[in-house]
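A short worksheet on the structure shown next.
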Amino acid sequence: MSVSCQRAAAFGIVFAVVAQASIAYADGIEPGLWKITTKTQTRGETGPPQESSKCLTTENTRDLAITFSPVSRTVNSTCAPIERTLTGTRLNWRITCKGQINMELTGEFNFDSPRHYSATLRSNAEMAGVPMIDSETTLEGKWVSACPQ
């Protein structure tokens, strides 16, 4: 597998974590249409903000820690069980994986009002001792409206 394919695979894993985190919903945060703004900084360079939207249902509110935590989808790596702490309006998690790609992903979420949350996700990955990903992503979720019918 070429280095560029390996980097793309590692980025895909990290992107899956970011995408999963950005669609979540917290107890006390309103169901509805949410706008999520994502900014990623990699090796000191910040990319342009990306916006997405997601309709969150009441079902999405059942378990904050599960909804906002990553889902491990690795090939040729084994991930330790996720470490999670949910205290009041704050959720922190950490997951590490070892194998062909070694990585550590962390997330810190602050649900500061029923219509707003912010988060910082950090991703570090290496393959055969060569750094592949070192990034920090910030998320901001804002409630927009009720979900369209």
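Of Glu83, Glu45, the sequence from fewest to most neighbouring Cβ atoms within 10 angstrom is Glu45, Glu83. The phi torsions of the stretch 71-88, fed into the Karplus equation with coefficients 6.51, -1.76 and 1.60 and a -60° offset, translate into couplings of 10, 6, 9, 10, 10, 6, 9, 10, 9, 6, x, 5, 9, 9, 9, 10, 10, x Hz, rounded to whole numbers, with Gly and Pro shown as x. Computed from backbone phi, the HN-Hα couplings of the stretch 110-121 come to 10, 9, 8, 7, x, 10, 7, 9, 9, 8, 10, 10 Hz, rounded to whole numbers (Karplus: 6.51 cos²θ - 1.76 cosθ + 1.60, θ = phi - 60°; Gly and Pro given as x). The H on the amide N of Gln100, modeled in the peptide plane, is under 5 Å from the matching H of Ser77, each at least 5 residues off or on a different chain.
Candidate cross-link partners of Lys142 among the lysines, defined by an alpha-carbon separation under 19 Å and a same-chain spacing of 8 or more, comprise Lys35, Lys39, Lys54. Annotation: peptides 130-136, 92-98, ranked by per-residue average of other Cβ atoms within 10 Å with the highest first, follow the order 92-98, 130-136.
Every number in this text was worked out from the coordinates using simple rules, so none of it is lab data. Model, not experiment: these values are computed from the prediction. Cβ coordinates were reconstructed from backbone atoms using ideal geometry, including for glycine residues, and neighbour counts include every protein chain displayed.
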